[in-house]
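Below you'll find the structure I mean.
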Amino acid sequence: MNIKEIKKETLYKGFLTYERHFFQQQHRDGSWTDTFSRELLIRRNAVAVLIHDPNTDTFLFTKQFRPGANYQNEPFIYEIVAGLIDDGESPLNAVKRETEEESGVSNIRDIQLICEHYPSCGSCTEKVYLYYAKADLSDVNTTGGCKSEDEFIDVILFNYEDMMKNFKDGLFKTSNSNIALFWFELQRKANIL
């Protein structure tokens, strides 16, 4: 199977860009479909990180306003640290910057890539680089965020038992958080972490 992009139109350009793309797809018999269109949200790639203090078995989460969740009447979301990668920035540098911006934690170490994933590849270009990192969380502020971006973030620590109870109860509703917690639980059960 092959795909041909015929043309694209920019529908909106702001912080995000919205485009309409026109395609043809090849059938298995070699013939081509009629031209069809798909709308696409053009968004920079992002990072997210599950931060763990192995000395106290605590984990850092944030609670912040998320406009997409607000649309579903859930304006404030509990999640792991996450943010967009700046132009020219590596995912690893972005995860360090975002961690410091959102939580004030500047000492993450033993950073490990969990996976790369597309949270909504049917309509969005964003790829997320999902990480696990260790840090000393003994002196963490309860607030964070980048004031120039109007971020007002609550920083919350959960011990392992409370984190897993909240996970099972559905408190964490982002794919980044849920993938990271499934991954961590598998590592824990295999006695890796």
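None of the figures in this text is laboratory data; all of them are computed from the coordinates on show. Quantities reported herein were computed from a predicted structural model and do not represent experimental measurements. Backbone-built Cβ (ideal geometry, glycine too); neighbour counts: all protein chains shown.
Which residue, chosen from T33, Q64, P54, occupies the Cα position most advanced towards the positive end of the dipole of region 25-71, where the dipole is computed from +1 (Lys, Arg) and -1 (Asp, Glu) charges on Cβ about the Cα centre?
Checked the options; the winner is Q64.
Still on this structure: Would you tally the net charge around A69, using a Cβ to Cβ cut-off of less than 14 Å, leaving A69 out, and scoring K and R as +1, D and E as -1?
Working: positive: K63, R66, K173; negative: E74, E79.
Its environment carries a net charge of +1.
Here is a follow-up. Consider the candidate values (i) 19.4; (ii) 23.1; (iii) 18.5; state which one is Kirkwood radius over Cα pairs in Å computed from the structure displayed.
Recomputing Kirkwood radius over Cα pairs in Å here gives the entry labelled (iii).
Given the convex hull of the Cα atoms of region 1-59, what is a quarter of its surface area in nm²? Intermediate results must be reported in sequence, preceding the final value.
Details: hull surface 29.4 nm².
Taking a quarter of the hull surface, the average projection is 7.3 nm².
Continuing with this model, one more query. For a protection proxy built on the mean count of beta-carbon atoms within 10 angstrom, sort 61-73, 45-57 highest first, please.
45-57, 61-73
Given +1 on the Cβ of Lys and Arg, -1 on the Cβ of Asp and Glu, and no further charges, what dipole in debye does the chain carry about its Cα centre, rounded to the nearest 20? The partial results should precede the final answer.
Details: 22 positive and 30 negative charges, 142 e Å.
Dipole magnitude for the chain comes out near 680 debye.
If the cut-off is a Cα-Cα distance under 19 Å, which lysines reach K63, setting aside same-chain residues fewer than 8 apart in sequence?
Partners found: K96, K147, K165, K168, K173.
What is the chain's relative contact order, in percent, from Cα pairs under 8 angstrom and six or more apart in sequence? Don't skip to the answer; put the middle values down first.
On the way: 383 pairs, mean separation 40.6, N = 193.
Relative contact order, the chain: 21 percent.
Let me ask something else about it. Once amide H atoms are built 1.01 Å from N in the peptide plane, which residues 5 or more positions from C146, or in another chain, come under 5 Å H to H?
Residues meeting the criterion, in which the H sits 1.01 Å from N, are E151.
Also, quick follow-up: Which order do the peptides 105-117, 140-152 take when ranked by the mean count of other beta-carbon atoms within 10 Å per residue, highest first? Could you put the intermediate results ahead of the total?
Details: 105-117: 14.4, 140-152: 12.8.
Result, highest mean first: 105-117, 140-152.
Apply the Karplus curve 6.51 cos²θ - 1.76 cosθ + 1.60, θ = phi - 60°, to the phi angles in region 27-41 and return the couplings in whole Hz, x for Gly and Pro.
The phi angles translate into 6, 5, 7, x, 6, 10, 5, 5, 5, 10, 10, 9, 7, 9, 8 Hz.
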